[in-house]
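First the structure, in the form of structure tokens, and then the observations on it.
The values are calculated or read from the model by the stated rules, or taken from the named source; none is laboratory data. A quick note: this is a predicted structure, and the numbers were derived from the prediction, not measured. Glycine gets a Cβ as well: all are built from the backbone with ideal geometry, and neighbour counts include every protein chain shown. Just so you know, the surface numbers come from the protein's heavy atoms only, side chains and all, with ligands and any DNA or RNA stripped out. Shrake-Rupley method; radii C 1.70, N 1.55, O 1.52, S 1.80 Å.
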Amino acid sequence: MKPTIVTLLLLMFAIPVPAWAQPELSEQLAAKLIDQALRNEPLLWLPFPLPYDVDRASRSKDAQLLAALHDHDLLVREDTMEMVTVESASGTRRQVRVGWRYDYPNETAESQTVEGFYYGRGRLKNIMELSPAYLIGDYYYAEAYIQWYVEDLQDWVTDPVFLQARTLRRSQESFEKPFEKRIFLMHNGTDWGFWQGQPGAL
């Protein structure tokens, strides 16, 4: 009898036991946490670094997008002028090139810590899959595959020029054709919460 008890005690101490029992996670709670996390994260569109110089005569995609952002008071621009060397069949020659230099407005540049243009916030549309809680290291995690859409879409996004930008175009139709992605939740021993990153990466 005594050897059996000793063996059982050895097995109990040899097998890692989590600090708390496997927590329950309902789909309703998961939806609340995911939706809140999406709403808390402003969506920023960053098509190019600023300041950005373009020829005034340019009809490129970037030139069109920059001009539209300026028209919606999201950017300021100033005249630029420089001498450039132009190669042609008759040789090289110098000519004046005039252009625009686009940048954030001064008050925006001074106050912002990240670049980009706010265009909306995410909202949960549907949880397509939700895993049971599973233990990695000292914490329990759950994995969800979700559909989400963009709300609070800014007026400037609907300018036809921005149909060239896939992110903005898809955002406009995202309620009917939602985005999809995989996200994670983590239990800290007391509560479930949204987890940025991969499970176990603490």
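Based on Cβ point charges of +1 for Lys and Arg and -1 for Asp and Glu, what charge dipole magnitude is obtained for the chain about its Cα centre, in debye rounded to the nearest 20? Intermediate results must be reported in sequence, preceding the final value.
Working: 20 positive and 28 negative charges, 128 e Å.
Approximately 620 debye in magnitude.
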- Degrees between helix 61-71 axis and first principal axis of the chain (Cα, 0 to 90, nearest 10): 90 degrees
- Farthest positive-ward along the chain dipole, Cα basis, beta-carbon charges - from Met83, Leu185, Leu38: Leu185
- Query: What does the charge dipole of the stretch 131-173 about its Cα centre add up to, to the nearest 20 debye, if the Cβ of each Lys and Arg holds +1 and the Cβ of each Asp and Glu holds -1?
  - Reply: 220 debye
- Query: Using mean Cβ contacts within 10 Å as the protection proxy, how do 71-83, 142-154 order, highest first?
  - Reply: 142-154, 71-83
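Kirkwood hydrodynamic radius for the chain: how many Å is it when counted over pairs of different Cα atoms? Present the calculation step by step, with values, prior to reporting the outcome.
Values: mean 1/r = 0.0461 Å⁻¹.
About 21.7 Å, per the Kirkwood formula over Cα pairs.
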- Any idea of the accessible area per residue across the chain, 1.4 Å probe, to the nearest Å²? 65 Å²
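Over the chain, with every protein chain in place, what whole percent of the accessible area is carbon and sulfur at 1.4 Å, could you tell me?
Working: 6840 of 13160 Å².
The computed percentage sits at 52.
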- Under 20 Å between alpha carbons - lysine pairs in the chain that sit 8 or more apart or on different chains: 4
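Give the peptides 192-199, 30-37 in descending order of average Cβ contacts within 10 Å, highest first. Each step should come with its number before you reach the end.
Details: 192-199: 14.6, 30-37: 17.4.
In descending order of packing, they fall as 30-37, 192-199.
With a/c under 1.5 counting as rounded, go ahead and sort the stretch 148-202 into rounded, prolate or oblate using the C-alpha gyration tensor (a ≥ b ≥ c being the square roots of the eigenvalues; past the cut-off, prolate if a/b is larger than b/c, else oblate). Write down the numbers at each step before the final one.
Values: a/c = 3.38, a/b = 2.95, b/c = 1.15.
Prolate, since a/c reaches 1.5 and a/b exceeds b/c.
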